[in-house]
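The values are calculated or read from the model by the stated rules, or taken from the named source; none is laboratory data. Note that the coordinates shown come from a computational prediction; the quantities given were computed from them, not determined experimentally. A quick note on method: Cβ atoms are made from the backbone with ideal geometry, for glycine too, and the neighbour counts reach across all protein chains shown. What goes into the accessible areas is simple: the full protein's heavy atoms, side chains included, and nothing from ligands, DNA or RNA. Shrake-Rupley method; radii C 1.70, N 1.55, O 1.52, S 1.80 Å.
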Amino acid sequence: WLFGGQVGVEWLPSKDLSATLGVAFYDYQRIVGQVNDPSHPHEKDWTAPLFQQKGNTLMDIDPGPDIKTALASDFRELNITGKLDVGIFDPVHVIFFADYVTNLGFDRDDVARRTGNPDVKEDTDGYQLGLIVGHPKPRLLGEWNAFFSYKHLGADAVVDAFTESDFHLGGTNAEGWILGGHLGLADWLWLRARWMTADEIDGPALAIDVLQVDLNAAF
């Protein structure tokens, strides 16, 4: 189960300046793995997720020689987002944005006990800082923008199954840069390109670069 809530405020001191701030909280229930009893070897298999990407700290719930992985940590995620839109050069805008998340459900002692690793690392924070220059939403011929951001997502900051599948090809425990832009090729026809370069934060080196080029139309 997932229980969540979001609140946000917007500040408009003038037609050329706006700011938004949002706070969200997501509380996952019954997400931690439970070890099977040897006399009932598959009774707790339902606590192993059917889909994972990569990054979260895992535990083995199989009491035998096989391995069945499940999440070792609780997840109660506090997420704060903000944006400042400066439009004094309208229609060209300068937009600053930030996103921060922390997992308040991670208990190092509990995770160490479940994994059997007394030196388990607590990496429960994630953030993204970025800048957009140009038209806020290019949709017409000649409209454009360029953007870049830096992203850091700790191993247990969020549930890795639900992160975007493009940056570092999904999952957590990754950090790197995102660069790109939009260009209006005709009214309601625009091109988007993104270059994402990301590295593993902890553990064996895993560098993944992704280039995306999209042609979009609306009517």
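Quick rundown of the values:
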| read-out | value |
| --- | --- |
| Simple spin-label estimate for PHE148 and GLU122 in nanometres, 7 Å along Cα-Cβ | 3.5 |
| Distance in nm between pseudo-label sites at LYS15 and PHE51 (7 Å out along the Cβ direction from Cα) | 4.5 |
| Sorted peptide list for 116-129, 206-219, 52-65, 13-26, criterion being average Cβ within 10 angstrom, highest first | 52-65, 116-129, 13-26, 206-219 |
| Farthest toward positive dipole pole in the chain [+1 Lys/Arg, -1 Asp/Glu at C-beta], among LEU84, GLN128, GLY55 | LEU84 |
| For ARG192, net neighbour charge (Lys/Arg +1, Asp/Glu -1) across residues whose Cβ lies under 14 Å away | 0 |
| Calculated FRET value between TRP177 and VAL213, using beta carbons and R₀ = 22 Å, to 0.05 | 0.80 |
| Option label - Cα Rg over 2.2 N^0.38 Å computed here, alternatives (i) 1.24; (ii) 0.98; (iii) 1.14 | (i) |
| Accessible-area value, HIS42, 1.4 Å probe, nucleic acids and ligands omitted, Å² | 130 |
| Within the accessible area of the chain (1.4 Å probe), percent carbon and sulfur | 60 |
| Residue among LEU84, LEU141, LEU183 with the largest mean-square fluctuation in a Gaussian network model of the chain, springs linking Cα atoms under 10 Å | LEU141 |
| Residue-count net charge about PHE25 - beta-carbon cut-off 15 Å; Lys, Arg +1, Asp, Glu -1 | -3 |
| Accessible area per residue in Å² at 1.4 Å probe, computed on the chain | 57 |
| For LEU140, distant residues with modelled amide H under 5 Å away | TRP188 |
| Rounded to the nearest 20 debye, dipole of the range 85-219 from Cβ charges on Lys, Arg, Asp, Glu | 440 |
| Proximal charge balance of LYS44 [Cβ under 13 Å; K/R count +1, D/E count -1] | -2 |
| Top of SER73, SER39, SER165 by mean-square fluctuation, Gaussian network on the chain, Cα under 10 Å | SER39 |
| Stretch gain in nm, segment PHE89-SER165, where the contour uses 0.36 nm per residue and the Cα spacing is subtracted | 23.9 nm |
| Extension gain from LEU206 to VAL7, taking 0.36 nm per residue of separation minus the Cα-Cα distance | 68.0 nm |
| Filter on LYS44/LYS121; LYS68/LYS151; LYS15/LYS137; LYS83/LYS121 - keep pairs with C-alpha separation over 21 Å | LYS44/LYS121; LYS68/LYS151; LYS83/LYS121 |
